[in-house]
1. Report the far tail of the P(r) of the stretch 144-248, meaning the percent of Cα-Cα pairs longer than 15 Å.
2. Give me the extension gain from VAL115 to HIS20: residue separation times 0.36 nm, minus the current Cα-Cα distance, reported in nm with one decimal.
3. Could you tell me the distance between the Cα centroids of the stretch 125-151 and the stretch 78-101, to the nearest Å?
4. At 1.4 Å probe radius, can you tell me the per residue accessible area of the chain in Å²?
5. Treat each spin label as a single point 7 Å out from the Cα along the C-beta direction, and report the ALA47 to TRP131 distance in nm.
6. Each residue of the stretch 130-136 in turn: what ³J(HN,Hα) in whole Hz from Karplus with 6.51, -1.76, 1.60 and θ = phi - 60°, glycine and Pro shown as x?
7. Using just the alpha carbons, could you tell me how many Å³ per residue the convex hull of the stretch 62-154 encloses?
8. Averaging over every viewing direction, what projected area does the convex hull of the Cα atoms of the chain cover, in nm²?
Amino acid sequence: MLDGPRTALAFLTRLPGGRHPADEAGLTGSVPWFPVIGILVGALAGASYVGSAELVSPLAAASLTFAITALITGGFHEDGLADSFDALAGGWNREQRLAILKDARHGTFGVLSLVLVTLLKVSGLASLSGWDAFGALLTAHCLGRAGAVALMALAPTARDDGLGADYARALPIRSAFAGSMVGVVVAAISFGIWAVPMIGALALAVAAVGVWSNRRIGGVTGDLLGAAEQVGEVVVLLAASAIVANLS
């Protein structure tokens, strides 16, 4: 019963309590639980921000929060973001882009993407406080992972090997839909009717990542799914900032 969430916990975070799967089926079975793990990471991030904002400025609290989040996840999705931008923006042809994706080193485009995404996340979060900030972080981490799960199920894979291909081959559409709906529910609880444009913006952003990847390398990879998650986080935090600003 707990194999799926424990496997997802081990794969997506450095937190104790996770368990690595014995086979590929166990790994694929954990995918629908990714957004649930996002709730856990978002709750820890939210507690960090709300608590630290009592002691330091919102900007410093937001910076500290994302540093703690990176430690919790091991920078897993951030690494995928950097690799993806290095490959898609820097490679000259499909073969070169796929080779760059396998290279552990980060180049100019990868570093720039990390800096830009971090700035957007920090600035978006720093404009929020209290429950607004907590709900935004909860939604960003959950909905961002939900978007990646949906992309995994719907987009073609760029190559036959790698974790992204393994997931996509064995992931049932029904399971992917169930996992993605967790993000929708969390967004609705946190932002009510305003979750509708937020989810729409996230869907467009994640779809854009999928289209860009498909045009450049013929599909998605595990790194591209990480990039989609990070883009999703940014969109949710910026949308939350805009919503709160217009309602206040």
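1. Working: 3326 of 5460 pairs.
Roughly 61 percent, once rounded to a whole number.
2. Working: separation 95, 0.36 × 95 = 34.20 nm, distance 3.15 nm.
So the chain would gain 31.1 nm between VAL115 and HIS20.
3. 26 Å
4. On the way: 11230 Å² over 248 residues.
Averaged over the residues of the chain, the accessible area is 45 Å².
5. Simple spin-label model gives 1.9 nm for this pair.
6. x, 5, 4, 5, 4, x, 5
7. Working: hull volume 10.1 nm³, N = 93.
Taking only Cα atoms, the stretch 62-154 has a hull volume of 108 Å³ per residue.
8. On the way: hull surface 50.6 nm².
About 12.7 nm², averaged over all directions.
The values are calculated or read from the model by the stated rules, or taken from the named source; none is laboratory data. Given the structure is predicted, the values throughout are model-derived calculations rather than measurements. Heads up, the Cβs are rebuilt from the backbone with ideal geometry, glycines too, and the neighbour counts pull from every protein chain shown. Just the protein is used for accessible areas: all its heavy atoms, side chains included, with ligands, DNA and RNA removed. Shrake-Rupley method; radii C 1.70, N 1.55, O 1.52, S 1.80 Å.
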